[in-house]
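S.K.: Could you have a look at this structure, given as structure tokens, before my questions?
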Amino acid sequence: MATENSLQGYELMLIFTPVLSEEDYKNAQKKYSDFIKDNGGQIVHQDAWGLRSLAYPIQKKTTGMYYVLEFQAPSELNAKLEIQMNRDETIIRHMVTRLDKYAVAYNLRKRSKNLSTENAS
Amino acid sequence: MAKQNEIKFLTTQRIEKRPKKFCRFKKMGIRYIDYKDAEFLKRFLNEQGKMLPRRISGNSLKYQRKVSQAIKKARQMAILPYVTDLLK
């Protein structure tokens with residue numbers, strides 16, 4: 001393996017319980033982004049969707065606070081991340097997906113499109 | 001009783017040729033299907049929220065698999081329902 005193991009592109013999506021207050025939601029986001037940073041990953045982009053209604057009730061709740069985090073990390077970080085998320089009971093559902101190069105290009109293009117529309121409007 | 005081939009119609013019977021189906025991903029060069037984009041994925045679901053088969057959606061095999069993977073991820077993250085009525 002290369003000395004500095006190759007960084008893989010990942011995308012983490014979390015759904016928090018809707019009962020969370022605003023600043024709990026904020027520092028929960030910070031907790032996970034810091035966790036990734038000090039385990040040798042870099043945050044590419046984070047995006048908080050906030051309160052959204054779920055398509056079906058999870059744990060008797062019909063709404064959830066969504067949070068999407070795109071990051072680069074060595075491959076063994078996910079196992080640690082998984083333990084953290086399972087232990088944290090404010091998270092009702094989580095998913096980590098691997099991004100191939102087309103996905104990374106897609107996200108980049110989407111962000112640049114948003115930026116251009118923002119400063120255009 | 002007039003035999004089948006003796007029946008003459010006034011106007012010639014024209015079976016309209018339906019347009020050739022194409023894979024929208026190949027044509028538009030889309031390489032990645034985002035599971036977070038519910039509006040786009042809904043085009044591949046019927047009213048009950050079930051996935052459309054390839055013969056109806058017209059996708060090529062490679063992209064039909066990517067679409068089904070994306071839909072399953074979206075369902076897992078409660079962006080799309082597993083089953084519903086009047087999805088549209």
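The values are calculated or read from the model by the stated rules, or taken from the named source; none is laboratory data. The shown structure was predicted, so the numbers you read here are calculated from the model rather than taken from an experiment. Backbone-built Cβ (ideal geometry, glycine too); neighbour counts: all protein chains shown.
S.K.: Pairs needed: first member in the stretch A:48-61, touching a residue at least 40 places away in the same chain (Cβ under 8 Å) and within 20 Å of residue A:12 (Cβ to Cβ); second member anywhere, basic (Lys, Arg) and assigned to a strand (DSSP E or B); C-beta distance under 7 Å; at least 6 residues apart or different chains.
M.R.: That search, which allows pairs on different chains as well, returns A:58/A:93.
S.K.: How about the stretch A:8-99: which strands (runs of 3 or more DSSP E) wholly inside it have at least 2 residues that are over 19 Å from residue B:73 (Cα atoms) and either of a type outside the set (Lys, Arg) or at pLDDT 90 or above (or both)?
M.R.: Hits in the stretch A:8-99: A:42-58, A:61-73.
S.K.: I'd like to check which helices (runs of 4 or more DSSP H) are fully inside chain B and have at least 1 residues that are over 14 Å from the mean Cα position of the chain (by Cα) and polar (S, T, N, Q).
M.R.: In chain B, B:61-76 are the helices (runs of 4 or more DSSP H) which contain 1 or more residues that are over 14 Å from the mean Cα position of the chain (by Cα) and polar (S, T, N, Q).
S.K.: I'm told residue B:71 meets every condition in (1) in contact with a Leu (Cβ under 9 Å, 6 or more places away or on another chain); (2) more than 19 Å from residue A:58 (Cβ to Cβ); (3) crowded, with 17+ Cβ neighbours inside 10 Å except one. Can you identify the failing condition by its number?
M.R.: (2)
S.K.: Mind listing just one residue for me: the one in the stretch A:49-60 that is out of contact with any Gly (no Cβ under 6 Å at 6 or more places or on another chain) and buried (at least 16 other Cβ atoms within 10 Å of the Cβ) and, of those, nearest to residue A:114 (Cα to Cα)?
M.R.: A:55
S.K.: Inside the stretch A:61-77, can you point out the residues that are within 16 Å of residue A:98 (Cα to Cα) and surrounded by 19 or more Cβ atoms within 10 Å (Cβ to Cβ)?
M.R.: Of everything in the stretch A:61-77, those that are within 16 Å of residue A:98 (Cα to Cα) and surrounded by 19 or more Cβ atoms within 10 Å (Cβ to Cβ) turn out to be A:69, A:70, A:71, A:73, A:77.
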